[in-house]
Amino acid sequence: MNENIKILAIESSCDETSAAIVINGRKVLSNVISSQIDIHTKFGGVVPEIASRKHIEVIALVVQQALEEAQVELKDVDAIGVTYGPGLVGALLVGMQYAKSLAYAIKKPLIGVNHIEGHISANFIQYSDLKPPFMCLVVSGGHTFIVYMKDYGEFEMLGQTRDDAAGEAYDKVARAIGLGYPGGPKIDKISKDGDENAIKFPRANFHENDSLDFSFSGVKSAVLNYLNKKQMKGEKVNTADVAASFQKAVVGFLVDNAIKACKLKKVNKIAVAGGVAANTYLRKTLIKEGALNNINVLVPETVLCTDNAAMIGSAAYFEYKKGNLSDLRLNAVPNLKLGQR
Ligand code: KG4
Ligand code: ZN
């Protein structure tokens, strides 16, 4: 097999149009990301129809730029990787259609990639010697779970959210306290000026003591109730305190279960993945707790945590090596599950 497999990867599952050139799943030659955040901010969240239209407008330019920055010609690409789920169906279809057309034109294989496997794969870029098995805490806008990655593409689900994803809770609380979209980075920033012990927001309790599941709708409702009560009494709300206290409740839950999972499986390595993994308080707390428990915590740089095509290029390479190629009938799967093909 060719030693240096160059993959052109495309990601368009939500509100970022991205293209990257990645060698052997580890080395990023380019990772171009065109974000639509400014457009969706006006609406307080991602508007799917607008997202699809914006992807169409920029996809050709983004791919072109990724090739130019990498100084790679399209004919020299070995395969095209593309996210086919989970995500917004219209948004996914734009990237997929473009990827299929390129694969057909240059007669190279197409590789459909699971977006969440892409997020996990970001760790293979950041840590060039990293190999499974390891634990992974996946925290994004639509997903929150702890998986044990036994081997490339092989996952054991240990715990997951029973309602809202962590990122969803961040975004909803940010909206309620007037920070706007996207909430995660804004709560992250403002919390630094707040007192995390100012308000005690509750954590969900499950009947099963050994559960590694999460629940974030309770803490979200508790924040909303707190704001309502304050408003009814005509009292001023300290936004930074609310943000910091909310964040403490969410991150505490994530970190406690992550450490519990490592102990349960006797694993001493845990990686983080997904947009919320960019959160500075989560990173700091997990690293601190990991050190206390002799667990090595892997944190990819921020740009590799939020949506980007380099992570898709990495995951595509490991599928390519296993011979998991797709064909031009590949369809978008908005609810694609981890490990499902
Ligand atoms: O992985 P991602 O970019 O897209 C999905 O696949 O969902 O994750 C987006 C989520 C959003 O909810 C956003 O608010 C959150 O990640 N996020 C953050 C931070 N940066 C992005 N949440 C907390 N702190 C951050 N710094
Ligand atoms: Zn994502």
Inset, instruction - For residues that are without any contact (Cβ under 8 Å) to a residue 40 or more places away in the chain, farther than 22 Å from ASP256 by Cα and either surrounded by fewer than 16 Cβ atoms within 10 Å (Cβ to Cβ) or not assigned by TED's automatic domain parsing to the domain that holds CYS136 (or both), tally how many sit in the range 168-213. - result: 1
Inset, instruction - Looking at (1) over 19 Å from SER13 (Cβ atoms); (2) small (Gly, Ala, Ser); (3) in contact with a helix residue (DSSP H, G or I) (Cβ under 9 Å, 6 or more places away or on another chain), find the lone condition where ALA309 falls short. - result: (1)
Legend entry - Qualifying residues in the range 22-47 (those that are touching a Gly at 6+ places or on another chain (Cβ under 9 Å) and more than 30 Å from LEU74 (Cα to Cα)) - the one surrounded by the most Cβ atoms within 10 Å (Cβ to Cβ): VAL46
Legend entry - Filter pass, GLY142 being touching a Cys at 6+ places or on another chain (Cβ under 9 Å), surrounded by fewer than 22 Cβ atoms within 10 Å (Cβ to Cβ) and within 24 Å of ASN31 (Cβ to Cβ): yes
Inset, instruction - Determine whether the range 58-79 contains at least one residue that is away from ligand 1 (no atom under 16 Å from the Cβ), part of a helix (DSSP H, G or I), touching a strand residue (DSSP E or B) at 6+ places or on another chain (Cβ under 7 Å) and polar (S, T, N, Q). - result: yes
Legend entry - Pairs where the first residue, in the range 69-97, is modelled with pLDDT of 95 or more and away from ligand 2 (no atom under 16 Å from the Cβ) and the second is in a helix (DSSP H, G or I) and among the aromatic types (Phe, Trp, Tyr), C-beta under 7 Å, 6+ apart: ALA79/TYR320
Inset, instruction - Pairs only if they're at least six apart or on different chains, beta carbon under 9 angstrom, first in the range 271-287 and at positive phi, second more than 13 Å from ligand 2 (Cβ to nearest atom); list them, first residue then second. - result: GLY274/LEU137
Inset, instruction - List the number of the failed condition for TYR317; all other conditions in (1) touching a Gly at 6+ places or on another chain (Cβ under 6 Å); (2) in the same structural domain as ILE146 (by TED's automatic domain parsing); (3) more than 16 Å from ligand 2 (Cβ to nearest atom) hold. - result: (2)
Legend entry - Spans of strands (runs of 3 or more DSSP E) in the range 106-167 with at least 2 residues of a type outside the set (A, V, I, L, M) and touching a Leu at 6+ places or on another chain (Cβ under 7 Å): 110-114, 154-160
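The values are calculated or read from the model by the stated rules, or taken from the named source; none is laboratory data. In this text, all values refer to a predicted model and were calculated from it rather than measured experimentally. Because the Cβ atoms are built from the backbone with ideal geometry, glycine has one as well, and the counts that use them run over all protein chains shown.
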